[in-house]
Amino acid sequence: MTPLDPSNDHSAVNLEHNDLAGQAVDAIEDLSGAHPGYRRAHAKGICCRAVFRPSGLATALTTAPHLQEQEIEAVVRFSGSSTDPALADALSPAKGMAVQFTLPDGGITNLVGVTVPVFFARTPESFLDIIRTAHRAQEGNLGPIDLIKEITTHFSESKESFLAVKHLKPPASYAACHYYCIHAYFLMDRQGTSRPVKFEWIPGDGVHTISVTDAAKQPDDYLEDELRLRLDKAPAVFQLTAILGEDGDPTDDPTRAWPDDRERINLGRLYITEYIEEPEGLVMDPTAVTDGMALSDDPILQFRHAAYADSSNRRREGR
Ligand code: HEM
């Protein structure tokens, strides 16, 4: 459980990952098609303005500037997990909530969550294998159920994640989902002591779902429409929770959750106030950490920097 050097420059890591990242994004395109100008995952989304009010409880754990006592501005992007920007909201099972905090010194840091607690691949290499296996199975005309059977037979690490996706019910609102940031990070206090943590965004009004039958009757953009109407009346609120890891909790494996009884700390509340156009150049890179925070040894977390850069380069170039 060793934190990486806390810095926004992960160039050593990036050099190793650039080539693999290109291959991973190519593999996603082979499987699901390319949609020029859009994110290669979570293509359909909506952005909002928000403000984060820290609880002050994190000051004993970290010097991270957004987790002290000062109010912090933020941009939030809610999304469906599909690579197809035209897919109806009801048809992408998992949803995403990515938050970009604007730090007092003008820098940024991001926390990116989804509605399942674990990921389907343990390493970038197995991610690539799984996507390529899925592509071969798709070319062999396997249906979605057989495709999942094929993947979980070859990659037992994916089982928990696929099971979690299978149990997801359609959300009533983007603001009524529980989002898990999945990876472990480290928080460092003033004395330099570091502790492993995971982050979750918990909806202020609780989790609300609708039946699959009702979801099928909704308009394509029902989650975006609902959010706009909701924000016209009042802010949508989320609590940011830190889960403190203990000895033996894996920090390098995004396919495994930590035990349920770990200590949870309320870090503060996020108030989402209004819909905005997507800010130019927005990239929700989950490796952009601040002072007082560090990346864990999770190889998927570290790999996401290069994968997101590759995807954002393609969409910036209109590819
Ligand atoms: C090998 C692992 C992964 C790869 C290759 C990957 C790939 C991508 C890519 C290419 C994008 C679009 C980036 C952009 O153009 O800005 C993206 C977005 C996203 N990914 Fe991942 N991803 C991985 C793991 C994860 C995990 C573990 C999570 C769960 C927290 C996640 C959640 C999201 C979300 C929520 C977005 C949308 C962010 C936004 O709104 O801008 N991804 N991913």
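Using a Gaussian network model of the chain in which every pair of alpha carbons under 10 angstrom is joined by a spring, one finds that among G248, G206, G56 the greatest mean-square fluctuation is at G248. Dividing the helix sum by the residues of the chain, where each DSSP H run of 4 or more adds -39500 (n - 2.57), gives a mean residue ellipticity at 222 nm of -9000 deg cm²/dmol.
Set the Förster radius R0 to 45 Å, insert the Cβ-Cβ distance between D105 and T209 as r into 1/(1 + (r/R0)^6), and round the FRET efficiency to 0.05.
0.65
Under the rule that an exposed site lies in a DSSP loop and has at most 15 other Cβ atoms within 10 Å, name the longest stretch of the chain with no GluC sites (Glu not before Pro) of that kind, not counting the sites themselves.
Numbers: sites that count: E69, E71, E246, E263, E277, E280, E317.
Free of exposed loop sites, the longest segment is 72-245.
Taking every C-alpha pair closer than 8 Å and separated by at least 6 residues, the mean separation divided by the residue count of the chain gives a relative contact order of 29 percent.
Cα centroids of the range 54-114 and the range 259-284: 3 Å apart.
Between K217 and L142, the simple spin-label model (points 7 angstrom out along Cα→Cβ) gives 3.6 nm. Diffusion coefficient (Stokes-Einstein, Kirkwood radius over C-alpha pairs, 37 °C, 0.692 mPa s) for the chain: 164 µm²/s, rounded to a whole number. Of interest is the spacing of the C-alpha centroids, which for the range 124-180 and the range 225-252 amounts to 23 Å. Using the Stokes-Einstein relation with a Kirkwood hydrodynamic radius computed over Cα pairs, the translational diffusion coefficient of the range 244-319 at 4 °C and a viscosity of 1.567 mPa s comes to 82 µm²/s. About its Cα centre, the dipole of the chain is roughly 620 debye, where the only charges are +1 on Lys and Arg Cβ and -1 on Asp and Glu Cβ. Relative intensity of the range 16-98 on a log10 scale, I(q)/I(0) at q = 0.13, 0.14, 0.25, 0.26 Å⁻¹, equals -0.63, -0.69, -1.09, -1.14, per a Debye sum over C-alpha point scatterers of equal strength in the absence of solvent. On the beta carbon distance between D225 and D261, with R0 = 51 Å, the FRET formula returns roughly 0.85. In the range 123-207, Cα pairs under 8 Å separated by at least six residues give a relative contact order of 21 percent.
In this structure, the pairs whose alpha-carbon distance is over 23 Å, taken from K169/K233; K44/K159; K149/K169; K95/K159; K44/K149, are K169/K233; K44/K159; K44/K149. P(r) tail, the range 115-155: Cα-Cα pairs separated by more than 12 Å, 59% of all pairs. Computed as a quarter of the hull surface, the mean projected area of the alpha carbon convex hull for the range 105-200 stands at 9.5 nm².
List the trypsin sites (Lys or Arg not before Pro) in the range 170-230 that DSSP assigns to loop (not H, G, I, E or B) and whose Cβ has at most 15 other Cβ atoms within 10 Å. Which are they? Sparse-neighbourhood loop trypsin sites (Lys or Arg not before Pro): R190, K217.
Read the figures in this text as sums done on the coordinates, not as results from a lab. Computed from a predicted structure; not experimentally measured. All Cβ positions, glycine included, derive from the backbone under ideal geometry; neighbour counts span all protein chains shown.
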